[in-house]
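The structure appears below as structure tokens.
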Amino acid sequence: MHSIINPKYLDLQEFLTSLPSTFDSLSATPLKSGRNEVRCLTVNNHKIVIKSFRKFSPLNRVIYGTLRQSKAVRAYYHALRLCELGIGTPEPIAAIDVRQRGVLTHSFYVYAYSEYGEMDSLLEGYPCRELEPLLDALTDFILRIHDNGVLHHDFNILNILYRDCGGGKYDFQLIDINRMDFHAKLTTNQRLTNLRHFNCKPAAFMYILERYAAAMNMNCEQVQLRCMSMRLMDTIRHKFKQRIKTLL
């Protein structure tokens, strides 16, 4: 077993290093299940979230075991980097990998529980003027991410949490951060290509693109057309892949 533990949370070391054998029997609140499993619980007065990466393909078991950092380790170091850049994300606590004969079998990313809420259902009712301050703040957050050279490769509304600070002000956090790159500077193409994954409702998406283009001194209509076209092509490709998988 290989573990990385945030020095602020050394009082959790015994609990964290026991996760490979105790996770399945933990008395915890499930937050998400499927390919990965996410649970929340309180340990030593720390409210924490444990994300278990368990379903690896045979090839990925070998790659993550020998050639590349695991998803948990990447998420841990990405969180530290985001904090250095002043970009919100839940505080990282630990990354734990279990290998057998050099092959990765289990991987856990542990982070502090966030009181921030999800945004997906909030934007379903757009357009309405009450949501425009939130969309303005969200666009500013996206610009800050890109201005700092960050490319989140699963960049969608489900992976951004928010908090209403009152007075039309909002704060945000990035989650699901294991797939991410950091650059000195992003090109225009990198920025717009990254935006195509932003899967909020079309009206809200168009509003965000309008604000983004204005901040970048870009042609609004060209930005909207390009991003909507890329988004449409992604949707078509995804449906085609799903159909092929069904046939096979």
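The values are calculated or read from the model by the stated rules, or taken from the named source; none is laboratory data. Since we're looking at a predicted model, the values are computed, not measured. Neighbour counts are summed over all protein chains in view; Cβ atoms, including those assigned to glycine, are modelled from backbone coordinates with ideal geometry. Protein only, heavy atoms only, side chains kept; ligands, DNA and RNA dropped before computing areas. Shrake-Rupley method; radii C 1.70, N 1.55, O 1.52, S 1.80 Å.
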Given labels modelled 7 Å from the Cα in the Cβ direction, how far is it in nm from Cys220 to Arg81? 3.4 nm
With every protein chain in place, the range 65-176: carbon and sulfur % of accessible area (1.4 Å): 45 percent
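Is the range 1-136 rounded, prolate or oblate when judged by the Cα gyration tensor, a ≥ b ≥ c being the square roots of its eigenvalues, rounded requiring a/c under 1.5 and prolate requiring a/b larger than b/c? Let's see the in-between values first.
Values: a/c = 1.86, a/b = 1.63, b/c = 1.14.
Prolate, since a/c reaches 1.5 and a/b exceeds b/c.
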I need the shape label for the range 144-248. Rule: rounded when a/c is under 1.5, else prolate if a/b > b/c, else oblate, with a, b, c from the alpha carbon gyration tensor. prolate
Solvent-accessible area per residue for the range 165-210 at a 1.4 Å probe radius, Å²? 48 Å²
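In the structure displayed, which of Lys47/Lys241; Lys71/Lys241; Lys8/Lys32; Lys47/Lys185 lie more than 28 Å apart, Cα to Cα? Don't skip to the answer; put the middle values down first.
On the way: Lys47/Lys241 39 Å; Lys71/Lys241 24 Å; Lys8/Lys32 26 Å; Lys47/Lys185 36 Å.
From the list (Lys47/Lys241; Lys71/Lys241; Lys8/Lys32; Lys47/Lys185), the Cα-Cα distance tops 28 Å for Lys47/Lys241; Lys47/Lys185.
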What does the C-alpha gyration tensor say about the overall shape of the chain? Classify as rounded when a/c is under 1.5, otherwise prolate if a/b is larger than b/c, or oblate. prolate
Pseudo-spin-label distance Glu115 to Arg68, built 7 Å along Cα→Cβ, given in nm, is 3.8 nm
Fully extended contour minus Cα-Cα distance, from Lys169 to Cys40, at 0.36 nm per residue: 43.6 nm
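Once you keep just the Cα pairs under 8 angstrom separated by 6 or more residues, what percentage relative contact order results for the chain? Don't jump to the answer; show the numbers that get you there.
On the way: 364 pairs, mean separation 40.3, N = 248.
This gives 16 percent for the chain.
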Go ahead and estimate [θ] at 222 nm for the chain from helices alone: -39,500 (n - 2.57) per DSSP H run with n ≥ 4, summed, over the residue count, rounded to 500. -12000 deg cm²/dmol
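Relative to the present Cα-Cα distance, how much length would full extension add between Gln13 and Leu26 at 0.36 nm per residue of separation? Intermediate values should be presented prior to the final figure.
Numbers: separation 13, 0.36 × 13 = 4.68 nm, distance 1.61 nm.
Roughly 3.1 nm would be gained on extension.
Can you pull out the GluC sites (Glu not before Pro) in the range 110-158 whose DSSP state is coil and whose Cβ has at most 10 other Cβ atoms within 10 Å?
Working: sites: Glu115, Glu118, Glu124, Glu130; in loops: Glu115.
Here the GluC sites (Glu not before Pro) that fit, given the DSSP loop and packing criteria, are Glu115.
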What is the distance in Å between the Cα centroid of the range 72-120 and that of the range 1-45? 12 Å
Spacing of the two label points (7 Å from each Cα toward its C-beta) at Ala203 and Arg243, in nm: 3.0 nm
